[in-house]
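Below you'll find the structure, written out as structure tokens, and then a few comments.
The values are calculated or read from the model by the stated rules, or taken from the named source; none is laboratory data. What you see is a predicted model; the values in this text were computed from it and never measured. Glycine gets a Cβ as well: all are built from the backbone with ideal geometry, and neighbour counts include every protein chain shown.
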Amino acid sequence: MYKLQGLNISHANHVWSTDITYIKIAGGMVYMAAIIDWHSKAVLSHRISNTMDSQLVMSVLNDALEKHPHPEIFNTDQGSQYTSEIHTKRLKDLGITISMDGKGRATDNSCIERFWRSAKCERIYLNEYQSISELITDVDDYIEFYNHRRFHETLHIKNQWMRTKKI
């Protein structure tokens, strides 16, 4: 059930959001999962893999949970990776409220969808990656830029790290 409708997201780690996107490289497709903080717009964790499975999303989740204070609400789509027992149990065991987008409603997860658009248009679509390692290096560099140097109009500041020290 979607829990963000009308919610005033007022502080860092109030709501995290996650999603998976496809990225074309030489020889096929790979998958990138990421978690973003709705308030600060910071990408908290990301991974790239040649498989789109529960292991990918759990790796991203566990990394974010190790590095940052836990969110109050965790928003996802209804993909099988996010509805899996291992994923939902991990969140419930930590007392984190689970919010899920309506079926086919990408706008419910607009924060991470905006990040995907920015990453793809500003970096990924401008390159032809020959390997997954080449993509990983470039995406790591882009996320460093996105989190620390890129202007975010909705925040009216140079970057999201200036908005809060809690991330």
### Message
So in the stretch 123-159, with the set limited to residues that are at pLDDT 95 or above and not in a helix (DSSP H, G or I), which one is farthest from Ile25 (Cα to Cα)?
### Response
Arg123
#### Entry: Criterion (within 19 Å of Lys120 (Cα to Cα), surrounded by 21 or more Cβ atoms within 10 Å (Cβ to Cβ) and either polar (S, T, N, Q) or at pLDDT 95 or above (or both)) met by exactly one of Ser40, Ser17, Ser49
Ser17
### Message
Just to be sure before I move on: is Thr107 among the hydroxyl-bearing types (Ser, Thr, Tyr), in a helix (DSSP H, G or I) and at pLDDT 95 or above in the structure I sent?
### Response
no
### Query
Is at least one residue of the stretch 66-76 touching a residue at least 24 places away in the same chain (Cβ under 8 Å), in contact with a helix residue (DSSP H, G or I) (Cβ under 7 Å, 6 or more places away or on another chain) and part of a helix (DSSP H, G or I)?
no
### Message
I'd like to know if the stretch 81-92 contains one or more residues that are under 26 Å from Tyr142 (Cβ atoms), basic (Lys, Arg) and out of contact with any Leu (no Cβ under 7 Å at 6 or more places or on another chain).
### Response
no
